[in-house]
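Bear in mind that the values in this text are calculations on the coordinates, not laboratory data. It should be emphasised that the depicted structure is a prediction, and the values quoted were computed from it without experimental measurement. Note that each Cβ is placed from the backbone with ideal geometry, even for glycine, and that neighbours are counted across all protein chains shown.
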Amino acid sequence: LEEAAFQLQQIFRIDISIALNILGIESMRAGHYRIAYTCFKLAADRGYSKAQFNVGLCYEHGRGTEKDLEKAAFYYYHAASSCHPMAQYRYARCLLCHRPENEWDRHQKAVTFLEQAAMAGITEAQAYLGVFYMRGMQPKEKQGLKYLLLAAKNG
């Protein structure tokens, strides 16, 4: 009985997160950015990766909240860790463009997330990774060309 109650609680929790995220999307489309941010944040705090990604977008672009690239990276990281492909791409870009960490570690972590996003079909990640491999710290032309051709094929 306890297991059934726990499963119902999990389903209810997920359903609320999905509903809040949808409400956030509709609010964003209507231009109600603060309401959208609030809905996304509530769902993100419940661990819903799509909402975590949307909160990251809000922070990155200053929609419904103050622009804050560190907070954007935080939410992108959590969504990326839950295998959200576009969050993987955005988090990798944050690592490469905005983070003051050790350069080698940062690049390695970024490449890992870019590869995951590229393999999930994110064209932007494929193109970015292709250029990164062609011009990076340790150029790998063959891999770079592979990803650039994949990005070109996908559009």
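Among the candidates GLU115, GLU66, single out the residue that is within 17 Å of the chain's Cα centre (by Cα) and charged (D, E, K, R).
After applying the criteria, what remains is GLU115.
Testing PHE40 on (1) surrounded by 19 or more Cβ atoms within 10 Å (Cβ to Cβ); (2) under 30 Å from PRO139 (Cα atoms), one condition comes back false. Which one is that?
Here PHE40 clears every test but (2).
Only residues that are farther than 17 Å from ILE35 by Cβ and either in contact with a strand residue (DSSP E or B) (Cβ under 8 Å, 6 or more places away or on another chain) or not in a loop (DSSP other than H, G, I, E, B) (or both): list them for segment 59-73, please.
GLU60, LEU69, GLU70, LYS71, ALA72, ALA73
Criterion first (in contact with a Cys (Cβ under 7 Å, 6 or more places away or on another chain) and either under 21 Å from GLY121 (Cβ atoms) or part of a helix (DSSP H, G or I) (or both)) does TYR76 satisfy it?
Taking the combined requirement at face value, the residue satisfies it.
Write out, first by first residue and then by second, each pair whose Cβ atoms fall under 6 Å of each other, whose residues are 6+ apart or on separate chains, and whose first residue, in segment 70-97, is over 10 Å from LEU114 (Cβ atoms) and free of Cβ contacts under 8 Å to residues at least 60 places away in the same chain while the second is among the acidic types (Asp, Glu) and surrounded by fewer than 22 Cβ atoms within 10 Å (Cβ to Cβ).
Pairs that qualify, where the first residue is over 10 Å from LEU114 (Cβ atoms) and free of Cβ contacts under 8 Å to residues at least 60 places away in the same chain and the partner is among the acidic types (Asp, Glu) and surrounded by fewer than 22 Cβ atoms within 10 Å (Cβ to Cβ), are ALA72/GLU60.
Which one of GLY144, GLY155, GLY130, GLY136 is more than 28 Å from TYR48 (Cα to Cα) and buried (at least 22 other Cβ atoms within 10 Å of the Cβ)?
Only one candidate passes the filter, namely GLY130.
Among the residues of segment 30-58, write down those that are among the hydroxyl-bearing types (Ser, Thr, Tyr), in a helix (DSSP H, G or I) and over 10 Å from TYR76 (Cα atoms).
TYR33, TYR37, THR38
Which of the residues spanning segment 33-78 are in contact with a Gly (Cβ under 7 Å, 6 or more places away or on another chain) and basic (Lys, Arg)?
ARG34
Of (1) part of a helix (DSSP H, G or I); (2) within 17 Å of the chain's Cα centre (by Cα), CYS83 satisfies all except one. Which?
(1)
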